[in-house]
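A short write-up of the structure that comes next.
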Amino acid sequence: MEKNHNCEQCPMRRRYDRAPKSLIGRFWRWHINFCPGWKAYFLSLGEAERDELQTKYHFTKYLHRQP
């Protein structure tokens, strides 16, 4: 059973994409370091998509872990 994640439509993520230095943008970026929903979403993606997100969001957590 595949679970759908709301991370792609997250309003805070969109805010980060528009203004990464805004308070909400910075909060979202900090939040993804420990959010269980983001972890599940991130690890459910293919390797190429994970690489793209790691680059876009300067995200290094789970870098060496396999899903």
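Given the structure, is Asn4 without any contact (Cβ under 8 Å) to a residue 40 or more places away in the chain and either in contact with a strand residue (DSSP E or B) (Cβ under 7 Å, 6 or more places away or on another chain) or surrounded by fewer than 10 Cβ atoms within 10 Å (Cβ to Cβ) (or both)? So that I can check it myself, show each step before the final result.
Values: without any contact (Cβ under 8 Å) to a residue 40 or more places away in the chain: yes; either in contact with a strand residue (DSSP E or B) (Cβ under 7 Å, 6 or more places away or on another chain) or surrounded by fewer than 10 Cβ atoms within 10 Å (Cβ to Cβ) (or both): yes.
In short, yes.
Listed here are the residues, each with its yes/no results for (1) touching a Pro at 6+ places or on another chain (Cβ under 6 Å); (2) of a type in the set (Lys, Arg); (3) at pLDDT below 90.
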| site | (1), (2), (3) |
| --- | --- |
| Gln9 | no, no, no |
| Ile32 | no, no, no |
| Cys35 | no, no, no |
| Lys56 | no, yes, no |
| Phe59 | no, no, no |
| Gln66 | no, no, yes |
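Only residues that are open to solvent by less than 30 Å² (accessible area, probe 1.4 Å) and at positive phi: list them for segment 14-67, please.
Passing the criteria: only Tyr62.
Provide a single number: the residues in segment 25-41 that are farther than 16 Å from Arg14 by Cα and without any contact (Cβ under 8 Å) to a residue 24 or more places away in the chain.
Qualifying residue count for the region: 4.
The values are calculated or read from the model by the stated rules, or taken from the named source; none is laboratory data. Values in this document were obtained by computation on a predicted structure and should not be read as measured data. Counting neighbours? That spans all protein chains shown, and the Cβs are built from the backbone with ideal geometry, glycine included. Side chains included, ligands, DNA and RNA excluded: accessible areas come from the protein's heavy atoms. Shrake-Rupley method; radii C 1.70, N 1.55, O 1.52, S 1.80 Å.
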